[in-house]
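The values are calculated or read from the model by the stated rules, or taken from the named source; none is laboratory data. The structure displayed is predicted, hence computed values, not measured ones. Every residue, glycine as well, gets a Cβ built from its backbone with ideal geometry; the counts of neighbours run over all protein chains shown. For the accessible areas, the whole protein counts, side chains as well, though only heavy atoms, and no ligand, DNA or RNA atoms are used. Shrake-Rupley method; radii C 1.70, N 1.55, O 1.52, S 1.80 Å.
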2 protein chains.
Amino acid sequence: MAALDSVLNDIDKDLDNALERLFAFLRIPSISTDQAYAPHCREAAAWLAADLTALGFETSVEETSLHPVVLAHKPKPGAPHVLFYGHYDVQPVDPLDLWETPPFEPRIATDAKGEKTIVARGASDDKGQVMTFVEACRAHLAMNAELPCAVTILIEGAEENGSQGLPEWVARNKDRLAADVVLVCDTSMWNPTTPAITSSLRGLAYFEVEVTCADRDLHSGFFGGAARNPIHVLSRILADLHDDDGKVTLPGFYDGVRERPPEVLEQWRGLDFTPETFLGPIGLSEPAGERGRLLIELVQSRPACDVNGIIGGYTGEGTKTVIAGKASAKVSFRLVDDQDPQKLAETFEAFVRARIPADCSVNVICYKGSRAISLPFDMPELETARAALQDEWGVPAVTVGAGGSIPIVGDFKRLLDRNTLLIGFGLDDDRIHSPNEKYDLRSFHKGTRSWARILSALGARRGH
Amino acid sequence: MAALDSVLNDIDKDLDNALERLFAFLRIPSISTDQAYAPHCREAAAWLAADLTALGFETSVEETSLHPVVLAHKPKPGAPHVLFYGHYDVQPVDPLDLWETPPFEPRIATDAKGEKTIVARGASDDKGQVMTFVEACRAHLAMNAELPCAVTILIEGAEENGSQGLPEWVARNKDRLAADVVLVCDTSMWNPTTPAITSSLRGLAYFEVEVTCADRDLHSGFFGGAARNPIHVLSRILADLHDDDGKVTLPGFYDGVRERPPEVLEQWRGLDFTPETFLGPIGLSEPAGERGRLLIELVQSRPACDVNGIIGGYTGEGTKTVIAGKASAKVSFRLVDDQDPQKLAETFEAFVRARIPADCSVNVICYKGSRAISLPFDMPELETARAALQDEWGVPAVTVGAGGSIPIVGDFKRLLDRNTLLIGFGLDDDRIHSPNEKYDLRSFHKGTRSWARILSALGARRGH
């Protein structure tokens, strides 16, 4: 095999072409949570399948109960076998008017720090990250006509919709997903110059609450003071979810949450993770949430509850003297350790129902939940990948917990009995899920180089 | 002059033509609160001005700071002089998908009780009601070539937007509005067979509260538990507005609110105004608001606070794990007796600001407020109108308070020193401000006949 250097050189030389390919992928508005975009999800799957087929992967697009998955194999008998997972679907783009340029017209911009960025919905989450792995494979194949490891690639289309349909598909296709380790590129670096391997992920439970009072909208002059207002009912429920110390008030909510050992807390205190560094860039200065906790605890090892959306009554310009018939909110919980999303669903619904007046009604929708996960610190692939990352970035990779959820990682453990290395090149200011999402050009370029190195290093591991 | 009977006969015979005219008026989407509809407001003013000109009124369309007013005069030296006020603007139509037919395509429907209704936005509030007066004038003019009284008609286009610009216009044009009494047709009957004269109106104070936390939308996985959520801040503010007994908690809110005398409460207890009759038709059974009060007190003589709209974060289909940067709500108060909207604005803003975290901000918009008004029971025109209404409906007209606000009525008193007779033919189930607004055909027909009688009776009053 050609030296790794030639692969890395090829990545450097081919960067403009790699960007062109990524831009084509980013132009497809594959929003998974809105059925109106289902054809575009299918289009994104087809685009990716065509690209992997061209690279010589045995590729298929396979149906699930929601959007299709792309499955691609490049066997290598006797070599270590990796399963790479990512997603081609993206978040909705609203509020659209806050985008500086259209979300599905990718462009290169230069940010305030002079850093070149790729701006588009999905640039970071997760199309840009997925393509770092694909481009690393492309360079190995261009230089050597083969990959250092056997590689299976599974790219789904419903991650932003709770990976609907994927666990069932994985359960039906276990044999086709055999591998030694799972690789995922859907997480962040520690900071713009320090790579990170994510060793734990918070779980998620997501609900929608729709309160109905009168069977129609009412004139607040006629009925104000006499008819129940669903926005009042809903506000009371939402306000009741936290106490004055920022703790979630649901009975038993903290069951299964463990305190971190003193040595971990001590280590965390030494990190430069302060309100200034973490909240300053988004215009805030005071941690919300549970009082008396380290900021890093709040986002990595403590559960949290957020109202993700609320709507009711008149929300247009000016005034309307209306009492709405209905009001609704989306409420989600980030879970840690052994918190049980199923138990939480029951507690939450009871909490809500206890606050609904007798002549009103409520519909509680429970979206798919996921438990928190954590990886074993003694995974052999962890040290291999850490060394490869250090070779690329010049500094040791940090092992961190992450606040967000990637539900399928728990399913890989449960269904395939395989651990997952979460290595990503996103940055905290990537505005994923927000207007003007971006991915640093450096993340894309050095991310690709990082995967080329990790594949080489994993392929060279003894014992296979 | 021809007998009143011939005028009433003419109204009966001309009903189909009157409906055609009303339908043309209803087809104009004159939504005042949304600037996108400003040209349609102007179109509605022009339509009305053309109709009144054709009737022989000296008519002009005059600018205000928002939408124009229509002013029309039909002098009659030596006769009593009435000023009729109404509005050609209508409420917004959302949620549009709840309309059974398009809101600006008026039609005749038959309701569950077999009653014929006119269905369209503005059918009741206020185009249908305005046209009862115009059609009464038309019939008098057709039969007699003159009206029983001198008539000035003032129709504004911003009533649903707090009558923005109208008080200033009235102040500048006092001389052109000289009259003995003001007539308004923008209120309801007591029930479908009993007419009502409204003797008091609640005032209104209307606010919008926009809370800003982070300077962008955030991923709730990364930031949940650490970043302040504006929907939480807003929910807390809204929940805090009422105590467990349904009382508004703003300091000094009940200053200036008077208890009704025991004999009034006794009379109210005798009315058939119960949760079954008032709340049953809208699908509710339990009065909200202050505990321990009669239901009729709650809507007529007690102040109230309602959140009229709320929005923040993701409100589309499915899920999005976002912490919004902003959230906003519209909050209004119905005022009674001597409650001061200006003082309330200060109290409300202080109440809101006290609940904003140090690193967040809030913008409180204060829309135009109006004090409550009540009319003197010894107005001579009151008895004249009551007798005319009884002639038409066969039962005595009830004198009632109304929950809604017509801000300009207070301005007529203040600026013109004239009292207002509020006589309307709407019904509580007209769904004004809601989808599928309707006006009973009987309200339109007998309302027109009622005004014909009232004009005759007022014209015949001695002392002019």
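Against the numbered list (1) within 26 Å of B:V233 (Cβ to Cβ); (2) modelled with pLDDT of 90 or more, A:S220 comes up short only at (2).
Just one of the listed residues (B:R371, B:R302) is at the interface with another protein chain (Cβ under 7 Å from one of its Cβ atoms), touching a residue at least 12 places away in the same chain (Cβ under 8 Å), crowded, with 19+ Cβ neighbours inside 10 Å and charged (D, E, K, R), and it is B:R302. Applying a threshold of 7 Å to beta carbon distances and a minimum spacing of six or more residues, or different chains, the list of pairs starting in segment B:60-77 at a residue that is among the hydrophobic types (A, V, I, L, M, F, W, C) and ending at one that is in a loop (DSSP other than H, G, I, E, B) and open to solvent by 40 Å² or more (accessible area, probe 1.4 Å) reads B:L66/B:Q164. Out of curiosity, is A:R291 at pLDDT 90 or above, away from chain B (no Cβ under 12 Å) and exposed (fewer than 14 other Cβ atoms within 10 Å of the Cβ)? Judged against the criteria, A:R291 is not a match. Of all residues in segment A:1-55 being in a loop (DSSP other than H, G, I, E, B) and at pLDDT 95 or above, which is nearest to A:H445 (Cα to Cα)? My answer is A:D14. Among strands (runs of 3 or more DSSP E) entirely within segment A:146-255, having at least 3 residues that are of a type outside the set (S, T, N, Q), in contact with a strand residue (DSSP E or B) (Cβ under 7 Å, 6 or more places away or on another chain) and within 30 Å of A:I296 (Cβ to Cβ) singles out A:181-184, A:196-201, A:203-212. Please verify whether segment B:372-387 includes one or more residues that are in contact with a Pro (Cβ under 7 Å, 6 or more places away or on another chain) and over 20 Å from B:L271 (Cβ atoms). No, the conditions are met nowhere in segment B:372-387. Here A:G78 fulfils each of the conditions (1) surrounded by 14 or more Cβ atoms within 10 Å (Cβ to Cβ); (2) modelled with pLDDT under 95; (3) not aliphatic (A, V, I, L, M) apart from (1).
The set of residues from segment B:83-110 being more than 14 Å from chain A (Cβ to nearest Cβ), more than 16 Å from the chain's Cα centre (by Cα) and in a loop (DSSP other than H, G, I, E, B) comprises B:T101, B:P102, B:F104, B:E105, B:P106. Any residue at all in segment A:245-258 that is under 23 Å from the mean Cα position of the chain (by Cα), modelled with pLDDT of 90 or more and of a type outside the set (S, T, N, Q)? Scanning segment A:245-258, I find at least one residue that is under 23 Å from the mean Cα position of the chain (by Cα), modelled with pLDDT of 90 or more and of a type outside the set (S, T, N, Q), so the answer is yes.
Residues in segment B:364-414 that are out of contact with any Lys or Arg (no Cβ under 8 Å at 6 or more places or on another chain) and within 30 Å of A:E317 (Cβ to Cβ): 12 in all.
The rows are residues; the columns are (1) more than 14 Å from every other protein chain (Cβ to nearest Cβ); (2) of a type in the set (F, W, Y); (3) closer than 17 Å to A:I153 by Cβ.
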{"site": "A:S6", "(1), (2), (3)": "yes, no, no"}
{"site": "A:E20", "(1), (2), (3)": "yes, no, no"}
{"site": "A:R27", "(1), (2), (3)": "yes, no, no"}
{"site": "A:D34", "(1), (2), (3)": "no, no, no"}
{"site": "A:A38", "(1), (2), (3)": "no, no, no"}
{"site": "A:T53", "(1), (2), (3)": "yes, no, yes"}
{"site": "A:E58", "(1), (2), (3)": "yes, no, yes"}
{"site": "A:L71", "(1), (2), (3)": "yes, no, yes"}
{"site": "A:A79", "(1), (2), (3)": "yes, no, yes"}
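Of all the criteria given as (1) within 20 Å of B:I356 (Cα to Cα); (2) not assigned by TED's automatic domain parsing to the domain that holds B:T347, the one not satisfied by B:E263 is (1).
Yes/no matrix, rows are residues, columns are (1) facing another protein chain (nearest Cβ under 10 Å); (2) open to solvent by less than 10 Å² (accessible area, probe 1.4 Å):
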site	(1), (2)
A:L218	yes, yes
A:S235	yes, yes
A:L250	no, yes
A:G256	no, no
A:L265	no, no
A:L279	yes, yes
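Residues in segment B:316-326: is at least one in a strand (DSSP E or B), in contact (Cβ under 8 Å) with a residue 60 or more places away in the chain, open to solvent by 10 Å² or more (accessible area, probe 1.4 Å) and more than 7 Å from chain A (Cβ to nearest Cβ)? Yes, because at least one residue in segment B:316-326 is in a strand (DSSP E or B), in contact (Cβ under 8 Å) with a residue 60 or more places away in the chain, open to solvent by 10 Å² or more (accessible area, probe 1.4 Å) and more than 7 Å from chain A (Cβ to nearest Cβ).
One residue is enough: does segment B:336-351 have a residue meeting the conditions under 30 Å from B:P95 (Cα atoms) and part of a strand (DSSP E or B)? No, segment B:336-351 has no match at all.
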